[in-house]
Each structure stands twice: as structure tokens, then as C-alpha cells.
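Student: The structure under discussion is supplied below as C-alpha cells; questions concerning it will follow.
The values are calculated or read from the model by the stated rules, or taken from the named source; none is laboratory data. Keep in mind the model is a prediction, meaning the values are calculated, not measured. Neighbour counts run over all protein chains shown; Cβ positions are idealised from the backbone, glycine included.
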């Protein structure tokens, strides 16, 4: 995979290979997220007490969400630092498209912002409807967020095939978590 595969023109993208990479990454991320969620649900209550009171549950969710927010802070710093030292980018995003030095960092920041908002929604929704062992899913989700972001950034230059696993690893805890929240809200409440 070339280091600038993310710049391939649309006509040069092998859509079958891209779809295969997305499916492979999504399947692996789903298996890892489910295994992590199950392990957290069963193991965490054995080693620690998880909050049951609503205010403590929400505080716990806030602490877990601080992890994705910290990753977002790092991404913002990466973009601002790259802009500060690049004559092509110092004018800001409205001045012109990002240079090659900034393009991946800017895309990483945009996607990290989106994923951070999505993760926060899941974390607080779960804390609003459930406590105890269910909250063990949140540190697992935060851990997978960090791993996913690292994989996404490192693989970005390789195009969709390079970033698919990282994207799925970041998103899958929320994608699995929102239906869980809906189920808990409907059937456990």
C-alpha cells in the first residue's frame, strides 16, 4: 500500500478491495468490542464497585468520556502545531485546502471530533439508564476508542484499507452501545 493511497482519484479505487477491508475491519472490531464488553461486564464487578446512584453514574460516564476528549485535544494540538509551522496552512482552513503536511491531521481531527461526540452520547445515555456492571462497558469503550484512533491515524495514508480497522474499532462500542441503551431503557426500566 503506498503512503499516499488516500489521495487516489475515485476511478483508481478498487471498490471491491475497499469493501472487503471495511467488512474485515468491522467484523474484527465487533468481535473485539463484544468480547471486551462481556469481559468488562463479568470481571469488573469482581474487582471493583461500580456506581449505582444516578449522580455517581453520570460522574463515572464523564470520567470515561474524558479519555476520548483527551484524544480530541491531542488531535487539535496536532493540527494547530502543523498550521503554525506551515506557510501553506497558517492562513487557516478557510484560506485554502490543507497542504499534504496537514491533510491527514485535519481529516483525523474532523473524524475524531465526530467520534468523540458519538461516544459521549453513548456513555451518558448508558449511565442514565443503568448502573453497576453495565458501567464496566464504558472504560472498555474508552480503551477501544484510543486503540481505534491510533490505528486510524497510523493507517490513514494507506487509504480506506489502511484506516478501516481503526475507524471500526473507534465506532463499534457506540454502534453496539446505543441499541443496548435502547433495550435497557425499554425493558429494564
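Student: Based on what the data block shows, is residue 35 surrounded by 13 or more Cβ atoms within 10 Å (Cβ to Cβ) and either under 21 Å from residue 121 (Cβ atoms) or without any contact (Cβ under 8 Å) to a residue 40 or more places away in the chain (or both)?
Tutor: no
For every residue, the table says whether it meets (1) closer than 15 Å to residue 23 by Cα; (2) surrounded by 21 or more Cβ atoms within 10 Å (Cβ to Cβ).
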position	(1), (2)
138	no, yes
150	no, no
161	yes, no
164	yes, yes
170	yes, yes
182	no, no
188	no, no
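Student: Looking at the structure I just gave you, is residue 183 within 17 Å of the chain's Cα centre (by Cα) and either closer than 21 Å to residue 122 by Cβ or not in a helix (DSSP H, G or I) (or both)?
Tutor: Details: within 17 Å of the chain's Cα centre (by Cα): no; either closer than 21 Å to residue 122 by Cβ or not in a helix (DSSP H, G or I) (or both): yes.
Considered against the rule, which asks whether it is within 17 Å of the chain's Cα centre (by Cα) and either closer than 21 Å to residue 122 by Cβ or not in a helix (DSSP H, G or I) (or both), residue 183 comes out as no.
Student: Here's something else I'd like to know. Does the range 12-25 contain at least one residue that is at pLDDT below 95 and part of a loop (DSSP other than H, G, I, E, B)?
Tutor: yes
Residue-by-condition table, conditions (1) within 26 Å of residue 154 (Cα to Cα); (2) exposed (fewer than 13 other Cβ atoms within 10 Å of the Cβ); (3) out of contact with any strand residue (DSSP E or B) (no Cβ under 6 Å at 6 or more places or on another chain):
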| site | (1), (2), (3) |
| --- | --- |
| 40 | no, no, yes |
| 46 | no, yes, yes |
| 49 | no, yes, yes |
| 72 | yes, no, yes |
| 75 | yes, no, yes |
| 83 | yes, no, yes |
| 86 | yes, no, yes |
| 92 | yes, yes, yes |
| 99 | yes, no, yes |
